[in-house]
Amino acid sequence: MTDQQRKMLLNVNLQGFGQRPAAWRTQDVAGTELTTAEFWAQLGRIAERGKLDAVFLADSPALGNPNLRPLGQVEPFVALQAIGEATEHLGLIGSASTTYNDPYDLAERLLSLDVITGGRLAWNAVTTYAENVSANFGIDQNPDRPTRYRRAKEFATVMRRLWETAATGERIRHRGEFFDLEGRLNVPPSPQGHPVIFQAGGSPAGRDLASATAEGVFTVELLLEPAIKNYRAVKEGAAAYGRNPDDIKITPGLSFVLGGTEEEARRRYDEMETLAPDNYTLNTLSDYLGEEIKELDPHQPIPTEILDREIDETTYHRSVSYHQGIVRWIRKNNTSLRDTLRNFGGYGARIIVGTPEQVADSLEEWFLAGAVDGFNLMADEFPRGLETFVEQVVPLLQAKGIFKTEYTETTLRGVLRSQGHRYPVSAASPTTTAEHVLSTAQRSN
Ligand SMILES: Cc1cc2nc3c(=O)[nH]c(=O)nc-3n(C[C@H](O)[C@H](O)[C@H](O)COP(=O)(O)O)c2cc1C
């Protein structure tokens, strides 16, 4: 199969009522819906109608800030079970922390759900940087990044070995820095053997974890050239571990707001941002930069001292991948702080505000350039934003021949292996030559 005939992977990141911070205010939803099985089942059915490959649910085992977003979402794998019952083909990807779980317990629960859903489950291995989590587990302070990643690597190895015991029936013995155990699981293998492993976190240690063990990676990519570079680095990293680079698929987050015209999409975006809690964007950007920026002159670009600041990966307690991606994006645009904030609505992910054609063209451009195997989609509001994507963008991608029209695989691992690129990618030209009319700040390169 040539690269041109290969199909992109599309997951959808189910972020509660949507990625827009005001999503709960712009549609007719009751806050309690987030805790009903039907809310999640309905999102799964819409995704499956659009032939999407999977849904993804993040996790933070701590109370969020009720002044910023509705609370009360259920634990990801419980929501995924509800989605699994309502669907037949959709992959089900959930985050679970390697810092705040036990591998035997997690391996047993996730393999069980994989068996029950017919081989559609994936575990997104995350190391968790949120500082409000540790006290919930009786720990004074979140361990530093190197410690969290060493534990993550060992955790993933133990998970995989335990899952393999389902098929071999043999006990394993593991002695490591963090875990010391002997045993086997009392769960049968699933149709895909065991859950797929995803990973999120793009610091060098995060990339190493991905290359060593992940079959799918959620990345932070706001610009095309760095995305291509990172794509190659992760694939080469997997090859260096003796793996087939095609066995690891890379899907950065992609946020979108759709409208019938670009102006309409922009108006919709601006209206939704206006309804966000005060200083939401400013605080989010401050957080990702690891710097207080509220006293800065809004009419000037963010000072280079802030952007040039070296990050010490051992002590920096936030995400290196978000920091790097956002700093590069700010430098590239070089706009005033006010305009930077105005365009920051992807909250760390690339955002496209435009027509279905513009969104489809941009997805095609990145896919054919060999920057991604697919995308982790972030809709402005659920369910409406996802429905619009399924009805208006998916048919365009199908017409371009870069997205499937039918489900052909029965397991998530089968889906990942049969789609995305073959590495190395021979870059091809988009089918559309129309110039993208996205504003400068949204341009990919
Ligand atoms: C796209 C993406 C998704 C993530 N999802 C979660 C999550 O659901 N739960 C969590 O605890 N951490 C999550 N993380 C945090 C990472 O696991 C990691 O702790 C963090 O990014 C710091 O590592 P880094 O410096 O390598 O980026 C996510 C990170 C990224 C980049």
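The values are calculated or read from the model by the stated rules, or taken from the named source; none is laboratory data. In this text, all values refer to a predicted model and were calculated from it rather than measured experimentally. All Cβ positions, glycine included, derive from the backbone under ideal geometry; neighbour counts span all protein chains shown. SASA here: full protein model, heavy atoms, side chains in, ligands and nucleic acids out. Shrake-Rupley method; radii C 1.70, N 1.55, O 1.52, S 1.80 Å.
Key figures for this structure:
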| read-out | value |
| --- | --- |
| Coil-residue GluC sites (Glu not before Pro) of region 21-107, DSSP, other Cβ within 10 Å capped at 16 | GLU88 |
| Heavy-atom surface of region 292-414, accessible at 1.4 Å and reported per residue (Å²) | 40 Å² |
| All Cα pairs of region 253-385, percent lying beyond 25 Å | 32 percent |
| Fraction of the pair-distance distribution of region 183-331 above 20 Å, Cα-Cα pairs, percent | 63 percent |
| Cross-link pairs beyond the 25 Å C-alpha cut-off, checked among LYS249/LYS404; LYS7/LYS332; LYS153/LYS235; LYS294/LYS332 | LYS7/LYS332 |
| Volume per residue of the C-alpha convex hull in region 274-342, rounded to whole Å³ | 91 Å³ |
| Estimated vicinal HN-Hα couplings, Hz - region 75-91 in sequence order (Karplus 6.51, -1.76, 1.60; Gly, Pro = x) | 4, x, 6, 6, 5, 5, 5, 4, 5, x, 5, 8, 10, 10, 10, 4, x |
| Normalised per residue, the volume of the convex hull around the Cα set of the chain (Å³) | 139 Å³ |
| Cα-only radius of gyration and Dmax that characterise region 220-289, units Å | 18.1, 50 |
